[in-house]
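Q: Just passing along the structure, written as structure tokens.
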Amino acid sequence: MKMKEKKILTQIKELVKSESKREDVLKGTVRILKDHYDYYSWVGIYLLEGEELVLGPFSGKPSPHSRIRLNSGICGAAASQKKSIIIPDVKSDPRYLACSLETKSEIVVPIMTREEVWGEIDIDSDRLDAFTEEDKHLLEEICSILAELF
Ligand code: SME
């Protein structure tokens, strides 16, 4: 992991210590991610409520998908399969629910403790094939820190 990613993890751990409200930690996490990566065009956190993912803090254009069922979209797939999903080209995935016409690739990483999913980080990029294993690794580390809040 590079210095930049280590710095981001430190910032998020500090947020967890300093903010008493979970909502503020989630908001801060979205802001930190959006500020550090120019190819993260839309960053949002969905929280699982029953059978639906409900959009919490986000940065980017408003999304039409403020509620997503577990059997729907890339978001639903990541939560129900309990694994991170990278979509290099959203046009070639029939599960994809469009948020913005500019979006070309997407990554979704579940926030989970052992086997229980609490939500997920969803990031869209206007660049094709924007997300690498390094993004996935960083976001999985962040999600394991956030999972402690649930
Ligand atoms: N693309 C997601 C929907 C959420 S928007 O990208 C914000 C999906 O396919 O589940």
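The values are calculated or read from the model by the stated rules, or taken from the named source; none is laboratory data. Just so it is clear, the structure is predicted and the values come from calculations on it, not from any experiment. Please note: Cβ atoms are built from the backbone with ideal geometry, for glycine as well, and neighbour counts cover all protein chains shown. Just so you know, the surface numbers come from the protein's heavy atoms only, side chains and all, with ligands and any DNA or RNA stripped out. Shrake-Rupley method; radii C 1.70, N 1.55, O 1.52, S 1.80 Å.
Q: How much FRET efficiency would the formula 1/(1 + (r/R0)^6) give for residue 18 and residue 59, where r is the Cβ-Cβ distance and R0 is 22 Å, rounded to 0.05? If you can, show how the numbers build up before the last one.
A: Numbers: r = 20 Å, r/R0 = 0.90.
Computed FRET efficiency for residue 18 and residue 59: 0.65.
Q: Which of the GluC sites (Glu not before Pro) across region 92-150 are loop residues per DSSP, with 16 or fewer other Cβ within 10 Å? Intermediate values should be presented prior to the final figure.
A: Details: sites: 102, 106, 115, 116, 120, 133, 134, 140, 141, 148; in loops: 102, 115, 148.
Loop-located and lightly packed - 102, 115, 148.
Q: So, with a 1.4 angstrom probe, what is the percent of accessible area on the chain that is carbon and sulfur?
A: That share works out to 50 percent.
Q: Within a Cβ distance under 11 Å of residue 67, other residues only, what is the Lys/Arg minus Asp/Glu net charge?
A: Details: positive: 69; negative: 49, 51, 52.
Taking every Cβ under 11 Å from that of residue 67, the sum is -2.
Q: Accessible area per residue, 1.4 Å probe, Å², for the chain: what's the number?
A: 53 Å²
Q: Moving on to the next point. Can you tell me the mean projection area, over all orientations, of the convex hull of the chain's alpha carbons? Units nm², please.
A: Mean orientational projected area (the chain, Cα hull): 8.1 nm².
Q: Counting other Cβ atoms within 10 Å of each Cβ, which chymotrypsin sites (Phe, Trp or Tyr not before Pro) in region 38-71 have at most 16 and sit in a DSSP loop?
A: Working: sites: 39, 40, 42, 46, 58; in loops: 39, 40.
Sparse-neighbourhood loop chymotrypsin sites (Phe, Trp or Tyr not before Pro): 39.
Q: With helices defined as uninterrupted DSSP H runs, which ones in the chain have an alpha carbon span along their own long axis of at least 24 Å and mean Kyte-Doolittle hydropathy of at least -0.5?
A: On the way: long enough: none.
Length and hydropathy pass: none found.
Q: Greater than 24 Å separation of Cα atoms is the criterion. Which listed pairs, 2/91; 21/104; 61/82; 4/136; 2/82; 34/83, meet it?
A: Details: 2/91 31 Å; 21/104 33 Å; 61/82 27 Å; 4/136 15 Å; 2/82 26 Å; 34/83 22 Å.
Among 2/91; 21/104; 61/82; 4/136; 2/82; 34/83, the Cα-Cα distance tops 24 Å for 2/91; 21/104; 61/82; 2/82.
Q: Using the basic label-point model (7 angstrom from Cα toward the beta carbon), what is the residue 1 to residue 95 distance in nanometres?
A: 2.6 nm
Q: If you don't mind, another one. Would you mind computing the Rg to Rh ratio of region 1-74 from its alpha-carbon coordinates, Kirkwood style for Rh?
A: 1.01
Q: Also, quick follow-up: List the equivalent ellipsoid semi-axes of region 64-132 in whole Å, largest first, each obtained as the square root of 5λ for an eigenvalue λ of the Cα gyration tensor.
A: After diagonalising the Cα gyration tensor, the semi-axes are 20, 13, 10 Å.
Q: I'd like the distance between the alpha-carbon centres of region 116-143 and region 23-95, rounded to an integer number of Å.
A: 9 Å
Q: Here's something else I'd like to know. I'd like the FRET efficiency for residue 10 and residue 129, computed as 1/(1 + (r/R0)^6) with the beta carbon distance as r and R0 of 25 Å, rounded to 0.05.
A: About 0.30, to the nearest 0.05.
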